[in-house]
Each structure stands twice: as structure tokens, then as C-alpha cells.
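In what follows, a single structure is set out as C-alpha cells and then discussed.
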Amino acid sequence: MNTKYLTLILLLLITITANSQKKNEVLLTINEEPVYASEFKTVFKKNLDLVLDESQKDVDGYLDLFIDYKLKVTEAYAQGLDKNEEYIREFTKYQDQLSKNYIYDKRVTSKLVDEAYKRGLEEIDADHILILINLNASAQDTLIAYNKIKAIRDKAVSGEDFETLVKKHSEEPGAKRTGGKLGYFSVFAMLYNFENAAYNTKVGDISEITRTDFGYHILKINDRREKRPKINVSHIMIFSNKDAKEANPEEKINELYAMIMQGESFESIAKQFSEDKATGLKGGKIKTFGPGDLRAPLFENAAYSIKEEGEILKPIESAFGWHIIRLNEKFSIPTYEEAKPQIEKNVTSGARIRVVTQATNNKIMAEYGYKEGVSYSPFFNEFVTDSVFNKKWVYVTIPAKDDKILFTIGDLEVRYNDFAKFISEKQMLTKVYTVKDRMFVDYYDEFKNNTIKDFYKKKLELENEEYAAVLSEYRNGLLIYDVMQKNIWEVAKTDSIGLQNYYDATKSNYIWKQRVDADIISAPQEANAELVKSLLLKDENIDEIKKQLNTEGKINVIITQGVYEIDEKELPKNFEAKEGVSEIYKTEDSNVVVNVKEILAPTTKELEEVKGLVISKYQSKIEEDWMKELKNKYTVVINKKTLKKIKKELAN
């Protein structure tokens, strides 16, 4: 070799090595395993705002947190938690999701997103006819089914009544009862092939024949309309399911509705009485939603039935409880840019993924090089027995002389044994096949796509620094969760003796404040509050008082009963704890009288009363002791020179 040429190569290698080392300077080692400065800087910049302790917001302070973090990860590997099936499944799921942003061909994805957005602007009302035929059916049976649907379509196109054809020929379960009516649907609601047929057919026309996993379909398009927009509502809720607190939830919700109709503020009633505490604090306001978002059809249908903004619906019952609903705002359909993120997610996780996958694989094969090998067909037709149809085929390693190369992608040779292992696992999870040829076509298509995708994911982690950093952070996060679950959280939950001993040593921290067993009566009108006070002083029964004041459908008082610490929000501000009937306390929205039946002195809370809090604090103690053990177990050496550089860099 030319000496000058050799010298240039050596200089280039030295330069690359020097730059690589500079880029990945070692910040510290844990038992001589390096931890690089780049990782520390990434997590420091990303997580600094989440650090609550001000002393840990500089480099030295945060370094202590970072070392604890890395020690936990190191211990997780030492305990073999990276081999757990649940961890592998969860990590693989996230890796698949993350890699989509890097793998899929953006041009194809963009085209499908555009298509989905335009379709999502309208809803289609259609009827359909189905002729059942399994995807793995024989060619003869498939042809029979196709000829049957074709004959039906010819009749529909010639003008025969579609509903009559449905009831006579459709093999969809319940077709005679439903007449094949699908109602209104929009994008992503149906299988992609079916959706294509619907959106590519004009109103009044009969679609072309389309095939799905169920069989052959034709559709008649009855109508198209604009899609319903998102809405925002507020609600007041009283539970009627297993979480019910009221003896008669319907009576309570009707009382609250009556008060609103009498002029009381919706927000005020929600804050005081709604049992959906999260929304009650906001005056009952719920996060904006669209059709299907809440997965609560009774509630959604009721909300969408309200015509005017500000209108309040009479109480309705859902699967969760009773609701009073007010329509706050109707929104317009989102713009393309607003809808794009969710549509992209749907495109890369639904049926359209086949289109995207094929385009992406073509791109990967072109980038890394792809070469076909020996066909699987002749060998596997004999190697895989009919027991595969019953999910009982047993994989035996294929001898080296017969282990041919199926295909090569980049530097990866994919062989018969790889496909055989895939079949062995896939047979347990797949639908039932009856024809080998059909099964092998489906299996091989999935196997090839998955293999190319997995190959590219491994390359991504080696070649894309951003992807590698995000993936590493999630991997470490899962491992830390698992190691904490095993060594801290489960220990605190199951070590009943240790928990009891910790409680006994710290019980002075768990004290009930002074409490009252009381009836709290709220009245919007001061005169009614005065009447309540007068009746209580005459020892009138609280239920009788309610009957006297809430008459003729008008709710004048709301009564709440229970035991309360003196600073709980249910009691009025500046409440003075005395047995008997209190003065009238004026609040922003009401007049409150408190009938104190008993005053309970401060006392130590029993373990069962504060178990959740004690477990939390016990966990912190266990973690503190555990971290001391890890610091004794592992040797951490900090590279002070690199640390100094990091401080200087981050200071700027």
C-alpha cells in the first residue's frame, strides 16, 4: 500500500478517535463502568425545572441526584430486571412507538394524514351487504363468494331495492333486523378498505366491491354531512354507582337542579356539592371533548342534545351517577395543523400502517442494500406439518446444511431457522388457518416486515444520537421503576411488622386536630337560615327541618352531615367549635348554620386511619437506607477535570 495513503488513513482514524473521545468524555465510573458527560448534560438541561430543592439546582447538587439515579440503574441490571418479560414487553412497546418517528416514510405518512383530515370533515350514512369469506379460504370458495357479491351488486346497480337485497342476501349477523344500516360514521371508524369504498362513492350510488378480513362488501351511500365539532360543558354530579354517598342520589340531584332554576349560581352549587371533586373545584367545568372521546355515550348524547350555549339540561343518569349538564361552548372543527398530531398517531397505528410499512421498508432496503435468497416455499411446505393449524407444531432446529439464507438486509443474513422460530411463536397468537399457502404468505409478509424494521431500529440506536438518548432515558426509567418496586414499595406494603414499628416510633406526627360531629345547613336566603337556627334551638329533627323548608319543589336548604376537622372546607371560615347551634355564618354564596352534636378532642390517629401516609413515609426511610447500601456496594469515581469543563460549559 502507498505509504502516503496509509499515513492519511492513520491520521483520519486518530482524528475521529480524538473527536469521539472529546464528544463522549467520561464524567464518572461506577465499578469502572463509564458514564459519559453527554448523558449528564442532557438530563441536567431537561430536568432542572423539575428539581424542587434549590440546593440541587447547581451542577454539584444535581450530580448527587444523577449518581443516585445511575446507582439504581446499575443495581437493576445486577438484579437481572432487564430480563423480566414484563419489562421487555413494555420497553419493546415504547421502542416501537418512538421509532415510528424515525422509521416511517414521511411523504407517504403525510399523504395519508391529508386524506384522513379531509375525510374527517364529514360523516357518511351508509347501508351495506356482506358475503362472508375467510382470508385463508381456498381459491374456489373465494371465487364463489366473489361471484355471489357481484351478482348482488349488479341487481343493486340496476335499481333493485337495496334494503330488500340486504335482508335476502347479506350474511352479516342481524342483517334482517338492521337492514344493513350502519348509521353515520367518519374516518378511522371502519376498516381502511371499507372506509375507502365509502368515501370513494357518491351519495345514492353503490360502491365497488371491497374485501376485508370478514369477506366481500358493497355499500349504498345514503347521505354525507359535516362532522359534529367538539364541545365544552360543565356538570354537577352525584354518584349512584358503587361510589354512592347519598342514600337517594336522584333526590339530591333534583334538589340541586331546583336551586339552580331558582337562580343559584351553577358554579357555586358545583363547588359546594358536586361529588366529582376534580371538576367541582373548577365550577363543574369538564375538559373539552368530541364524539366518542369520553367513552360515556349516555353523558355524551345528553351533552350534544343541548342546543344553546348556557342552556342547562335537566338531571340525567349515566353509568356513573346523576348529572346536571350545562353547555358552555361549541367549537369549530380543528384546523389541519391542530388535528395533525392525533391523525399521524392513528395513521401509524391502524390499518393504514400496511401502506406506510411497505413504503418504509422499500426505503430501508434501498439505503442498506437488500438481496433475496432462497424461497421458503418448497422447504417449509414439508418442514411445517398440518399440526400448525391446531397450534401444536413443534419447532426443531434446521440443520446447518439446510439453513438457507432467505434474504440479506445490510450486514444481516436472515435464515430459514429465523422464519421457523417466528412460525412457532406466531401459531399460538394467530387466527385459525386451513390452507398452508395462505398462512405462509401472511406469516412471511409479517416476518419480513418485522425483521427489516427491527434491523433498522438497532441501526438507529447506533447512528442517531437523539433517538439513542431518548430510548436510553426510557429504558432507565423502566428499570428504576422495577427496582424501586421490588426493593422499596413492595417491601413497605408487605412488611407489616416493620410498618407497625415505624408507625409506633413516629405516631406523634399523626394527630387528629379538634373535630366536630355536626349537621351543616346551607341556605341561600338569610331568612331561611334564621328559621333553621330557630328550629334547631327547639330541638327539631334535622329531617323534619328539611321537609318544612324544602316544599312544593323549591329547595331552600341543603344539609350535609359528618365528622370534620375544624379547618376542613365544609365548615365555614372562622368557625368556632361549640356544642349546640352556631351563629349564622355568611359565605360568598350562602348562609350557613352548624349544629354541633359533639366536639372530639385532638387524638392520635390509628394506623389504619393514616396507613397510606405512613406507608409513603416508611418507603422514604427504606429508600434512604437502601441508597446507603448501594453507595457502599459500588465504587463511584468522579472525573474532576471533566466535571470542571461541564460547570464552565453550563454556566455559559
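To keep it simple, each residue is scored yes or no on (1) among the small types (G, A, S); (2) open to solvent by 50 Å² or more (accessible area, probe 1.4 Å); (3) more than 26 Å from K277 (Cβ to Cβ).
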site: I559; (1), (2), (3): no, no, no
site: G562; (1), (2), (3): yes, no, no
site: K569; (1), (2), (3): no, yes, no
site: A577; (1), (2), (3): yes, no, no
site: D589; (1), (2), (3): no, yes, no
site: V594; (1), (2), (3): no, no, no
site: L600; (1), (2), (3): no, no, no
site: V614; (1), (2), (3): no, no, no
- What tally of residues in the range 419-429 results from selecting those that are in contact (Cβ under 8 Å) with a residue 24 or more places away in the chain and surrounded by fewer than 18 Cβ atoms within 10 Å (Cβ to Cβ)? 3
- If you scan the range 433-473, which residues turn out to be hydroxyl-bearing (S, T, Y), surrounded by fewer than 16 Cβ atoms within 10 Å (Cβ to Cβ) and in a helix (DSSP H, G or I)? S472
- Would you check which residues across the range 480-533 are of a type in the set (D, E, K, R), touching a residue at least 24 places away in the same chain (Cβ under 8 Å) and over 22 Å from L630 (Cα atoms) and list them? K507, K513, R515, D517, D519, E526, E530, K533
- Every residue from the range 345-356 that is part of a helix (DSSP H, G or I) and open to solvent by less than 30 Å² (accessible area, probe 1.4 Å): V347, V356
- Message: For a quick check of your reading of the model, give me the residue pairs whose first member lies in the range 634-652 and is within 18 Å of N31 (Cα to Cα), whose second is exposed (fewer than 10 other Cβ atoms within 10 Å of the Cβ), with beta-carbon atoms closer than 9 Å and at least 6 apart or on different chains.
- Response: T635/E32; V637/E32
- Message: Which condition from (1) modelled with pLDDT under 95; (2) touching a Ser or Thr at 6+ places or on another chain (Cβ under 8 Å); (3) open to solvent by 50 Å² or more (accessible area, probe 1.4 Å) is the one that N381 breaks?
- Response: (2)
- out of contact with any helix residue (DSSP H, G or I) (no Cβ under 6 Å at 6 or more places or on another chain), among the basic types (K, R) and assigned to a strand (DSSP E or B): does that describe K597? yes
- Task: Considering only the range 164-200, state which residues are assigned to a helix (DSSP H, G or I), over 26 Å from K345 (Cα atoms) and open to solvent by less than 70 Å² (accessible area, probe 1.4 Å).
- Result: L165, V166, H169, A175, T178
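Residues checked against (1) within 30 Å of D82 (Cα to Cα); (2) over 41 Å from the mean Cα position of the chain (by Cα); (3) hydrophobic (A, V, I, L, M, F, W, C):
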{"site": "W489", "(1), (2), (3)": "yes, no, yes"}
{"site": "A505", "(1), (2), (3)": "no, no, yes"}
{"site": "A518", "(1), (2), (3)": "no, yes, yes"}
{"site": "I521", "(1), (2), (3)": "no, yes, yes"}
{"site": "P524", "(1), (2), (3)": "no, yes, no"}
{"site": "V532", "(1), (2), (3)": "no, yes, yes"}
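Rundown of residues vs (1) closer than 14 Å to I231 by Cα; (2) touching a strand residue (DSSP E or B) at 6+ places or on another chain (Cβ under 9 Å); (3) in contact (Cβ under 8 Å) with a residue 40 or more places away in the chain; (4) of a type outside the set (A, V, I, L, M), yes/no style:
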residue: I306; (1), (2), (3), (4): yes, yes, yes, no
residue: E309; (1), (2), (3), (4): yes, yes, no, yes
residue: P315; (1), (2), (3), (4): no, yes, yes, yes
residue: S318; (1), (2), (3), (4): no, yes, no, yes
residue: W322; (1), (2), (3), (4): no, yes, yes, yes
residue: L327; (1), (2), (3), (4): yes, yes, yes, no
residue: S332; (1), (2), (3), (4): yes, no, yes, yes
- Picking from Q525, Q548, Q514, the residue that is closer than 22 Å to M261 by Cα and out of contact with any helix residue (DSSP H, G or I) (no Cβ under 8 Å at 6 or more places or on another chain) would be Q525
- Message: E623 - would you say it is touching a residue at least 60 places away in the same chain (Cβ under 8 Å), not in a strand (DSSP E or B) and not β-branched (V, I, T)?
- Response: yes
- Note on the structure: Only one of R224, R228 is in contact (Cβ under 8 Å) with a residue 24 or more places away in the chain, part of a loop (DSSP other than H, G, I, E, B) and within 27 Å of R119 (Cβ to Cβ), namely R228
- Based on what the data block shows, is K371 out of contact with any His (no Cβ under 6 Å at 6 or more places or on another chain), more than 30 Å from E250 (Cβ to Cβ), open to solvent by 50 Å² or more (accessible area, probe 1.4 Å) and not in a helix (DSSP H, G or I)? yes
- Message: Being farther than 30 Å from K307 by Cβ, buried (at least 18 other Cβ atoms within 10 Å of the Cβ) and of a type in the set (A, V, I, L, M) is the requirement here; does A366 meet it?
- Response: no
- Message: Can you confirm whether K404 is open to solvent by 20 Å² or more (accessible area, probe 1.4 Å), within 33 Å of the chain's Cα centre (by Cα), over 26 Å from N101 (Cβ atoms) and modelled with pLDDT of 95 or more?
- Response: no
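Conditions tested, residue by residue: (1) open to solvent by 50 Å² or more (accessible area, probe 1.4 Å); (2) over 38 Å from the mean Cα position of the chain (by Cα); (3) under 25 Å from V73 (Cα atoms); (4) among the aliphatic types (A, V, I, L, M).
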| position | (1), (2), (3), (4) |
| --- | --- |
| T603 | yes, yes, no, no |
| L607 | no, no, no, yes |
| V610 | no, no, no, yes |
| Q619 | no, no, yes, no |
| I622 | no, no, yes, yes |
| K628 | yes, no, yes, no |
| Y634 | no, no, yes, no |
| N639 | yes, yes, yes, no |
| T642 | no, yes, yes, no |
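To keep it simple, each residue is scored yes or no on (1) open to solvent by less than 60 Å² (accessible area, probe 1.4 Å); (2) in contact with a helix residue (DSSP H, G or I) (Cβ under 8 Å, 6 or more places away or on another chain).
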| residue | (1), (2) |
| --- | --- |
| A247 | no, no |
| E255 | yes, no |
| E264 | yes, no |
| E267 | no, no |
| F273 | yes, yes |
| L281 | no, yes |
| N301 | no, no |
- Query: Is the range 600-620 home to any residue that is over 19 Å from L71 (Cα atoms), among the hydrophobic types (A, V, I, L, M, F, W, C) and assigned to a strand (DSSP E or B)?
  - Reply: yes
- Query: Taking interchain pairs and intrachain pairs at least six residues apart, which have beta carbon atoms under 8 angstrom, with the first residue in the range 190-212 and farther than 16 Å from R153 by Cα and the second aromatic (F, W, Y)?
  - Reply: E195/F188; T212/F194
- Query: Among the residues of the range 80-106 satisfying the criterion of being modelled with pLDDT of 90 or more and in a loop (DSSP other than H, G, I, E, B), which is nearest to N346 (Cα to Cα)?
  - Reply: N84
- Query: Can you tell me which of M428, M439 is in contact with a Phe, Trp or Tyr (Cβ under 7 Å, 6 or more places away or on another chain), at negative phi and not acidic (D, E)?
  - Reply: M439
- Message: Suppose we filter I218, I238 for residues that are surrounded by 14 or more Cβ atoms within 10 Å (Cβ to Cβ) and at pLDDT 95 or above; which single one remains?
- Response: I218
- Run L479 past the list (1) over 27 Å from E606 (Cα atoms); (2) part of a helix (DSSP H, G or I); (3) at pLDDT below 95 and report the number of the one that doesn't hold. (3)
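The values are calculated or read from the model by the stated rules, or taken from the named source; none is laboratory data. All values derive from a computational prediction rather than experimental measurement. Heads up, the Cβs are rebuilt from the backbone with ideal geometry, glycines too, and the neighbour counts pull from every protein chain shown. Only protein heavy atoms, including side chains, enter the accessible area calculation; ligands, DNA and RNA are left aside. Shrake-Rupley method; radii C 1.70, N 1.55, O 1.52, S 1.80 Å.
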